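See below for the structure under consideration.
Read-outs throughout are calculated quantities, based only on the coordinates presented, and are distinct from any laboratory measurement. Every value quoted in this text rests on a predicted model; they were computed, and no experiment measured them. All Cβ positions, glycine included, derive from the backbone under ideal geometry; neighbour counts span all protein chains shown.
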Amino acid sequence: RVASPLATRALGLEAARSFSSSRSAQAKVTVVGAAGGIGQPLSLLLKLSGKVDHLSLYDLVGTPGVAADLSHCNTNGKVTGHKGASELKAALQDADVVVIPAGVPRKPGMTRDDLFNTNAGIVKGIAEACAEACPKARFLIISNPVNSTVPIFAEVLKGRGVYDKKKLMGVTTLDVCRAQTFVAENLGQSVNDTAVDVIGGHAGTTILPLLSQVEGAKFSDKDLEALTHRIQFGGDEVVKAKDGAGSATLSMAHAGAYFAIRVLAAMEGEADIRECTFVENDLTAAPYFATPVILGKDGVEKVLGFGKLSAFEQKILDENVPALQAQAKKGVDFVHKA
Ligand code: NAD
Ligand code: LMR
């Protein structure tokens, strides 16, 4: 099993600088929703990584300012800003990787599915533009509800004949970050020595951390239930604390930039890059399912699957599958009825 390096190569400024002084990538990365709460710090981390030859920032408003600001950072790569629907295609043209944190975030009391009515249309529009301007890019979807927005994006690309299941990835890295942080805390050990896979989906109980597979750990039933619940509802913890001002932005920027940089590293030929992501696969009856994968030059090179589950995990998985099927169908139906 290839160890997940998320903990050992956390994306701090120092790590970003060392990436920056090593290889210079020839990649164009477009961030869609770049002026938002996630978009701005995510774009900063990508700029600091030095892994991006051309960082293209798109949003409905604000991107000229964000781009001018980031362009003064003395790291590799140029930055361009694109604002408003008329500039979307230019922002996307020939992108190798498109990272999408566009759309509205939750307020207290909402589920991610409550965002569907607003975000489904936003994601569909972005997918249509991508199908035309950069059909061969790797697409990293952050916009919620991920369990439905990834199927929406796929369905649009399928309709245009440009869908490649290896290249469409729902970003579930924040679930892995949370799992590693909370498990390390519980075990009283460094996050640098803690690896946890998280499978399923990205909403409430569809998030399934595989605590039975954490090396060297044996949790009490009480801890197992509490940790699982906290990882599943970590997003709600932030929404509640922000008290109406949105959801996780900084930890998501970290997770999103980390995942994008892993996709770029695989694209450049680095081997054995293992990450969890929400992709189309046939591991379960759900069409899209988050699982450990090996990333390669063209996105997901190999779906690894999730190994043996405990009875506790199997029960959650059995409940997850119908929920994931229904949420995917909701996305697919949205594209076909629109
Ligand atoms: P935000 O409101 O701060 O920023 C969203 C940005 O999207 C805004 O700048 C807005 O102008 C832009 N936008 C809206 N419509 C657009 C369009 N058609 N094209 C381009 N840009 C558009 O919100 P945020 O806190 O950055 O969150 C963004 C999304 O990410 C939300 O849906 C949120 O639920 C989701 N999210 C996902 C995860 C995850 O783990 N996958 C984690 C945190 C947040
Ligand atoms: C998260 O997990 O933090 C995000 O999906 C945002 C949210 O709505 O909780």
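Residue-wise test of (1) of a type in the set (A, V, I, L, M, F, W, C); (2) within 13 Å of ligand 2 (Cβ to nearest atom); (3) touching a residue at least 12 places away in the same chain (Cβ under 8 Å).
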position: Arg106; (1), (2), (3): no, yes, yes
position: Phe116; (1), (2), (3): yes, yes, yes
position: Lys124; (1), (2), (3): no, no, yes
position: Ala131; (1), (2), (3): yes, no, yes
position: Pro135; (1), (2), (3): no, no, yes
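The set of residues in the stretch 191-214 being farther than 29 Å from Glu280 by Cβ and either without any contact (Cβ under 8 Å) to a residue 24 or more places away in the chain or among the hydrophobic types (A, V, I, L, M, F, W, C) (or both) consists of Val191 alone. Taking into account only those residues within the stretch 65-108 that are within 23 Å of the chain's Cα centre (by Cα) and polar (S, T, N, Q), which is nearest to Gly246 (Cα to Cα)? Among those that are within 23 Å of the chain's Cα centre (by Cα) and polar (S, T, N, Q), it is Thr80. Selection of the stretch 294-317 for residues being closer than 15 Å to Gly170 by Cα and out of contact with any helix residue (DSSP H, G or I) (no Cβ under 9 Å at 6 or more places or on another chain) yields only Val303.
Residues in the stretch 135-144 that are more than 8 Å from ligand 1 (Cβ to nearest atom) and not hydrophobic (A, V, I, L, M, F, W, C): Pro135, Lys136, Arg138. Evaluated against (1) more than 11 Å from ligand 1 (Cβ to nearest atom); (2) charged (D, E, K, R); (3) under 17 Å from the mean Cα position of the chain (by Cα), Glu132 falls short on exactly one condition, (3). Screening Asn186 on (1) within 16 Å of ligand 1 (Cβ to nearest atom); (2) not in a loop (DSSP other than H, G, I, E, B) shows it passes everything except condition (1).
Looking at the stretch 114-149, which of its residues are assigned to a helix (DSSP H, G or I) and surrounded by fewer than 18 Cβ atoms within 10 Å (Cβ to Cβ)? Of everything in the stretch 114-149, those that are assigned to a helix (DSSP H, G or I) and surrounded by fewer than 18 Cβ atoms within 10 Å (Cβ to Cβ) turn out to be Asp114, Asn117, Thr118, Gly121, Gly125, Glu128, Glu132. Considering each residue of the stretch 160-178, count those that are at positive phi and within 11 Å of ligand 2 (Cβ to nearest atom), and give that number. Total meeting the criteria: 0. If Val97 satisfies every condition in (1) within 11 Å of ligand 1 (Cβ to nearest atom); (2) hydrophobic (A, V, I, L, M, F, W, C); (3) crowded, with 22+ Cβ neighbours inside 10 Å but one, which is the exception? Condition (1) is where Val97 drops out.
Specify the residue that is farthest from the chain's Cα centre (by Cα); the eligible residues are those in the stretch 217-255 that are polar (S, T, N, Q) and more than 10 Å from ligand 1 (Cβ to nearest atom). For the stretch 217-255, the residue satisfying everything is Ser220.
Of all residues in the stretch 154-183, those satisfying the criterion of being touching a residue at least 40 places away in the same chain (Cβ under 8 Å), over 18 Å from Ser247 (Cα atoms) and part of a helix (DSSP H, G or I) are Ala154, Glu155, Val156, Gly159, Lys165, Lys166, Lys167, Gln180, Phe182, Val183. Among the criteria (1) among the hydrophobic types (A, V, I, L, M, F, W, C); (2) surrounded by 20 or more Cβ atoms within 10 Å (Cβ to Cβ); (3) closer than 22 Å to Lys158 by Cβ, the one Ile261 does not fulfil is (3).
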